[in-house]
Amino acid sequence: MLGLQYFSFNDLWSPLILAFFLLIAAAYLVVVGPLSERIKDAEPATVAQKNMFIIGLAVFYLAQAGPFNLLGHVMFSFHMVSMALSYLVAPPLLMKGLPAWVWRKILRWLPTRQLSFLAHPIVAALLFNGLFSLYHLPVVHDYVMLHFTVHRLYYMVLFITSMLMWWTLLNPLPEGRQASGLSKIGFIFLNMVLLTPACGLIIFASEPLYATYSNPAVWAEAMRYCVSGDSSALLRTFGGPAFFNFLSSAKEDQQVGGIVMKFIQEGIFVSMLAYVFFQWYRKEKREDDDDPYPVEGSGGPLNPAK
């Protein structure tokens, strides 16, 4: 299925990285569980928080080291699915999965005063969407895919900026500065708009943009970082990425990738928009109900209806 049968277990699941993620999950469950009772001002995580963190960790692993990572090297459409999972799905789950006291301890070790400007909503939105769009310029994308150290550093920076972007919407600290409902709605629309040019470039391009997915020699070079053995054997066996592409061409695969990325982003942010609007509406209604001085003619205790 999807050509996965041609790759080894190590290629598909990256056992060492899987073991590392399992250690993170185990450490998390211990720290927010039994160990939290021994930590000052800490309290155990809720079941919902544990579920969100573990699911977020699993999603990030599948996208960055599991099958989606390998598929993302053979088809551009799966690359975009991997990007969406890594930076639009996993970060909010991980963020909400960490109790507030854990975030306080993390932030205590960071130079938050010097770097606080990075968390400003507009700066965070421009940073993440700008870096994401820059990465998908053909010359940048192909260079990053062919240089492992740059690849890992770029992906790390993208993850950090995605967390900063999500912070505006999901600030987990009750005492932290919370954006108003109207500000969050504007911020969501800003992010939806900023990613549109990159997706449009990909969807409406008249030819394949990325040598990584259209040039067999470049593709084999990029595959060195996710398969064991000599990647040149892939060329002798399969001839290039077209062997795995179940779509009609690299151009169609590229267009599907751009559409998939935009649809996933729109779906997530529209859901967030509905959630923020509903929360904002409930808050406004609750404040109106608690108002001890209702407007004249409302039938309240100070102005009985006649």
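The values are calculated or read from the model by the stated rules, or taken from the named source; none is laboratory data. None of these values were measured; they are calculated from a predicted model. Cβ coordinates were reconstructed from backbone atoms using ideal geometry, including for glycine residues, and neighbour counts include every protein chain displayed. Note: accessible area is taken over every heavy atom of the protein model, side chains too, but ligands, DNA and RNA are not part of it. Shrake-Rupley method; radii C 1.70, N 1.55, O 1.52, S 1.80 Å.
Provide the net charge surrounding ASP41, with neighbours chosen by a C-beta distance below 14 Å and charges set as Lys +1, Arg +1, Asp -1, Glu -1. Write down the numbers at each step before the final one.
Working: positive: ARG38, LYS40, ARG104, LYS105, ARG108; negative: GLU37, GLU43, GLU175.
Taking every Cβ under 14 Å from that of ASP41, the sum is +2.
Compute the acute angle (0 to 90°) between the alpha-carbon long axis of helix 148-170 and the principal axis of greatest extent of the alpha-carbon atoms of the chain; round to the nearest 10°.
That helix lies at roughly 20 degrees to the long axis.
Between ILE160 and ASP289, what FRET efficiency follows from the Cβ-Cβ distance if R0 is 35 Å, with the result rounded to 0.05?
Efficiency for this residue pair is about 0.30.
Expressed as a whole percentage, what fraction of the accessible surface of the chain belongs to carbon and sulfur atoms when a 1.4 Å probe is rolled over the protein heavy atoms?
On the way: 11290 of 16600 Å².
Of the solvent-accessible surface of the chain, carbon and sulfur hold 68 percent.
So for each of 264-275, 146-157 I average, over its residues, the number of other beta carbons within 10 Å; can you give me the resulting order with the highest mean first? Walk me through the numbers before you get to the answer.
Details: 264-275: 15.2, 146-157: 13.5.
My ranking of the peptides, most packed first, is 264-275, 146-157.
If you take every residue apart from MET80 with its C-beta less than 12 Å away from the C-beta of MET80, what net charge results, scoring Lys and Arg +1 and Asp and Glu -1? Before the final figure, lay out the partial values.
Numbers: positive: LYS262; negative: ASP253.
Here the count lands on 0.
Hey, got the dipole for the chain? About the Cα centre, +1 on K and R Cβ, -1 on D and E Cβ, debye to the nearest 20? Could the numbers behind the result be given before it?
Values: 20 positive and 19 negative charges, 120 e Å.
That gives a dipole near 580 debye.
Return the whole-Å distance between the Cα centroid of segment 150-176 and the Cα centroid of segment 85-127.
First find each Cα centre; the distance between them is then 5 Å.
Could you work out the relative contact order of segment 8-283, using alpha carbon pairs under 8 angstrom and six or more residues apart, expressed as a whole percent? Don't jump to the answer; show the numbers that get you there.
On the way: 311 pairs, mean separation 61.7, N = 276.
Reported relative contact order: 22 percent.
For the chain, find the longest principal axis of its Cα atoms and tell me its angle to the long axis of helix 250-289, 0 to 90°, nearest 10.
Between helix and principal axis, roughly 10 degrees.
For TYR281 and GLN5, what is the calculated FRET efficiency with R₀ set at 45 Å and r taken between the beta-carbons, to the nearest 0.05?
Numbers: r = 51 Å, r/R0 = 1.13.
Computed FRET efficiency for TYR281 and GLN5 comes out at 0.35.
Accessible area per residue, 1.4 Å probe, Å², for the chain: what's the number? Provide the component values of the computation, followed by the final result.
Numbers: 16600 Å² over 306 residues.
Roughly 54 Å² per residue, with all protein chains present.
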